[in-house]
Amino acid sequence: MDLAHIFSNNQKWIDEKLKTDADFFRNLSQGQRPQVLYIGCSDSRVTAEELMGTKPGEVFVHRNIANMVPNTDLSVMSVINYAVSHLKVNHIVVCGHYYCNGVKAAMQSADMGILNPWLRNIRDVYRIHKAELDLITEEDAKYKRLVELNVQEQCVNIIKTSDVQKAYQDRDFTVHGWVFDIHTGKLIDLKIDFDSILREIMEIYRII
Ligand code: CO
């Protein structure tokens, strides 16, 4: 596939931006002050800014396979540190999506090579919630529920970090668990009850 159209699209985009705001790029070059850190899946169908309708400068974005927050992953940990402690965002969103191939792969027995340790983090989510998931007989419903529980557990992983624990004490700060429904295009707030999860886990994970 020839990628020339990407560069012509880029020029069209520049022209459009400058038509409505001649200072658009000059303002962008002044710096960023995003309020939100968005952690989503790398899936090409699940964009960040487009589905939220946000503009450049509004959202700090990190994407990886199945929107994971493993505590030994230097990349996502650095993103959280920079967003929370330097950019001072007030919200972190973990956004999963139904029909996530990463979650699907973790539900199957297959040797995926270098992906094995990554997917094992999702298998751990399955193990933690095995009692609930085993009660779901319909495979599609189980798949969807694991997507939701994976979002919840990645939010819990975020709360375990010192940056986020400090932010919770210092300012108005919230972690959100969302799911994007590819079938309808709808963004769903899972309305995870973090207060009760926090009370339950902080006894173990509190570090400050
Ligand atoms: Co995915």
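Tabulated data
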{"item": "Using alpha carbons only: equivalent-ellipsoid semi-axes of the chain, gyration tensor based, whole Å", "result": "31, 24, 15"}
{"item": "Whole-Hz couplings from phi, Karplus 6.51/-1.76/1.60, listed for segment 189-196; x for Gly and Pro", "result": "7, 6, 6, 5, 7, 5, 4, 6"}
{"item": "Candidates Leu87, Leu146, Leu37, ranked by Gaussian network fluctuation over the chain, Cα under 10 Å, top entry", "result": "Leu87"}
{"item": "Proximal lysines to Lys19, defined as alpha-carbon separation beneath 19 angstrom and excluding residues fewer than eight positions away on the same chain", "result": "Lys55"}
{"item": "The chain - accessible surface per residue (Å², probe 1.4 Å)", "result": "58"}
{"item": "Paramagnetic label zone (point 7 Å from Cα along Cα-to-C-beta, Glu58; backbone N under 18 Å) in segment 84-107", "result": "89-95"}
{"item": "Per-residue ³J(HN,Hα) for segment 95-112, Karplus 6.51 cos²θ - 1.76 cosθ + 1.60, θ = phi - 60°, Hz, x for Gly and Pro", "result": "10, x, 8, 5, 6, 7, 5, x, 5, 4, 4, 6, 8, 10, 8, 8, 7, 9"}
{"item": "Assigned charges on the beta-carbon of Lys, Arg, Asp, Glu; the chain dipole about Cα centre (debye)", "result": "320"}
{"item": "D_trans [Stokes-Einstein, Kirkwood Rh over alpha-carbon pairs] for segment 58-129, 20 °C, 1.002 mPa s, µm² s⁻¹", "result": "157"}
{"item": "Exposure ranking of Val36, Val89 by accessible area [1.4 Å probe, largest first]", "result": "Val36, Val89"}
{"item": "At most 12 other Cβ within 10 Å, DSSP loop - trypsin sites (Lys or Arg not before Pro), segment 96-204", "result": "Arg171, Lys191"}
{"item": "Alpha-carbon gyration tensor eigenvalues x 5, square-rooted, for segment 164-206, Å", "result": "27, 13, 7"}
{"item": "Carbon/sulfur fraction of accessible area - the chain, other protein chains in place, 1.4 Å, %", "result": "52"}
{"item": "Coordinate range along principal axes, alpha carbons of segment 1-123, Å, largest first", "result": "54, 41, 22"}
{"item": "Amide H within-cut-off set for Tyr38, under 5 Å, with H built and near neighbours excluded", "result": "Phe60, Val61, His62, Val93"}
{"item": "Long-range Cα-Cα pairs in segment 22-78 (distance over 20 Å), rounded percent", "result": "37"}
{"item": "Computed helical MRE - 222 nm, the chain, DSSP H runs ≥ 4 contributing -39500 (n - 2.57), nearest 500", "result": "-14500 deg cm²/dmol"}
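The values are calculated or read from the model by the stated rules, or taken from the named source; none is laboratory data. Owing to the predicted nature of the structure, the values given are computational and were not obtained by experimental measurement. Virtual Cβ from ideal backbone geometry, glycine too; neighbours counted across all protein chains shown. Please note that ligands, DNA and RNA were not included when accessible areas were found on the heavy atoms of the full protein model with its side chains. Shrake-Rupley method; radii C 1.70, N 1.55, O 1.52, S 1.80 Å.
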